[in-house]
Amino acid sequence: MKKIIATLIILGIAGVLGILSAIPKKDAANEQSVNLDSSIKPQEEDSDMPIAIAPAEKVEVFLFHRTQRCITCTTIGKLAGKTVEERFGPEVLSGKIVFREVNIDEPQNKALAEKFQASGSSLFINATREGGDNIQEDMEVWRLTNNPAAFKNYLENKINALLDKQ
């Protein structure tokens, strides 16, 4: 009798595990369903057709900061400003590329900080396409502050990619 009960318990547990493994799991990083059965392939779009993204009409580089600034925040502002000025002079003169440092502690900057959801020191790049904003926070610049050449090359390449100037 004990063997029968033990066998039923084991079969019950195996059944529950089987049912649970058939339920799609959520990927916490991007809240998408993940299929754990590798024999079922996700529906793919036509992979021969690349998705075309229009070049940005305008690129705005914003360094948001507070009144009290650390050395790294100050360095990012200087490097970003120099990069835009030195490597995109004609685009700056035409207004196609803009660089601004914005103190979020000042009342006149509150609406802009809210638009970008900036709450502290951060670098945002807004690529305007078809009249719409495409705002991205760039975290990589924080790791490049100790190498000015790498910082400038990185930011230049990022802006060129947005302008489709590669």
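Each reported figure results from applying straightforward, stated rules to the coordinates on display, with no laboratory input. Small disclaimer: the values here were computed from a predicted structure and weren't measured. Using ideal geometry, Cβ is built from the backbone for each residue, glycine included, and neighbour counts are taken over all protein chains shown.
Taking the Cα centre of the stretch 58-163 as reference, the dipole from Cβ charges on Lys and Arg (+1) and Asp and Glu (-1) amounts to some 180 debye. Using a cutoff of 8 angstrom between alpha carbon atoms and counting only pairs six or more residues apart, the relative contact order for the stretch 58-163 works out to 36 percent.
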